[in-house]
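Here the structure is laid out as structure tokens; the discussion comes afterwards.
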Amino acid sequence: MGVITGAMQDYLKAIFKLQQDRSAVSTSEIAARMRVSAASATSMVKRLARLRLVAYTPYRGFALTSAGERIALETIRHHRLLELYLAQHLGVSLDKVDGEAERLEHVLSEEVEARIAATLGNPTHDPHGDPIPAKDGTLHDVHHPTLRHLPPGQAGVVDRVSDSHPDALRRLAGLGVLPGVAIKMVAHRSGGCQVEIGGRTLTLPRELTQGVYIQWLTAPTKP
């Protein structure tokens, strides 16, 4: 197959995440995700196709092959284990663990990965609430609705907070809106929502609520 570089792993990981909502993706979507030009994305996808890590379907786009998916999941496993280790054992803040893990995930050996997993108690989720792929490559990912879908009076638990925007994540952490925290919707406002956490009432702007995913404590009532 040849040498799989860190850049290739990043592309495979990006394609895997894009494919969570669809069966195939376009080079423009890949370019946007990777924040590169369309030409750069096209060049890399062609390399991955020659290595049989992605396959092209006319009029649909590119999708990972089984080999490409295995590499993507292994890279994601490295990344999320590193995030949890950095947060729990080194005290790195949640808004910084993603960037640090990005730099380390490509050089992590299988032996050190196994030691980190054992030290952490073989965890199933990273500090943001994202599932960690198992050693065998299986991934149990449950998609919960965002906070803005929680009806007034409904209680839930924060399942995951997006790590896409470090500034927003830093603000959420400062407010105590983190995975595992109980939250209740008080009211929806034009610019966001009012919630209750630990006896405190907070007003969260819309840009923050979009990155908070909630597991409802009880089934929503039908109107």
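The values are calculated or read from the model by the stated rules, or taken from the named source; none is laboratory data. For clarity, every value in this text was computed on a predicted model and none was experimentally measured. In this analysis, Cβ positions are derived from the backbone assuming ideal geometry, glycine residues included, and neighbour counts consider all displayed protein chains.
Observations, loosely collected:
- Leading residue by the ranking (surrounded by the most Cβ atoms within 10 Å (Cβ to Cβ)) among those in the range 141-159 that are of a type in the set (D, E, K, R) and closer than 23 Å to Ala187 by Cβ: Asp159
- Residue in the range 141-150 that is hydroxyl-bearing (Ser, Thr, Tyr), part of a loop (DSSP other than H, G, I, E, B) and modelled with pLDDT under 95 present: no
- Qualifying residue in the range 65-80 (condition: without any contact (Cβ under 8 Å) to a residue 40 or more places away in the chain, in contact with an Asp or Glu (Cβ under 9 Å, 6 or more places away or on another chain) and within 29 Å of Lys96 (Cβ to Cβ)): yes
- Residue within the range 22-41 that is surrounded by 14 or more Cβ atoms within 10 Å (Cβ to Cβ), part of a strand (DSSP E or B), at positive phi and in contact with a helix residue (DSSP H, G or I) (Cβ under 9 Å, 6 or more places away or on another chain) present: no
- One residue from His149, His165 being under 26 Å from Pro123 (Cα atoms) and within 22 Å of the chain's Cα centre (by Cα): His165
- Unique match (being over 16 Å from Lys135 (Cα atoms), within 21 Å of the chain's Cα centre (by Cα) and not assigned by TED's automatic domain parsing to the domain that holds Leu178) among Ser40, Ser23: Ser23
- Residues satisfying the stated conditions in the range 7-38, i.e. of a type in the set (Val, Ile, Thr) and within 12 Å of Ile76 (Cβ to Cβ): Ile15
- Residues being more than 14 Å from Lys13 (Cβ to Cβ), assigned to a helix (DSSP H, G or I) and not basic (Lys, Arg) - total across the range 42-53: 3
- Cβ separations smaller than 8 Å between residues 6+ apart or across chains give the following pairs from the range 170-188 residues that are touching a residue at least 24 places away in the same chain (Cβ under 8 Å) and surrounded by fewer than 18 Cβ atoms within 10 Å (Cβ to Cβ) to residues that are assigned to a helix (DSSP H, G or I) and among the acidic types (Asp, Glu): Arg170/Asp95; Ala173/Asp95.
- Pair list, Cβ < 6 Å and 6+ apart or interchain, from the range 46-62 residues that are among the charged types (D, E, K, R) to residues that are part of a loop (DSSP other than H, G, I, E, B): Arg52/Thr65; Arg60/Ala24
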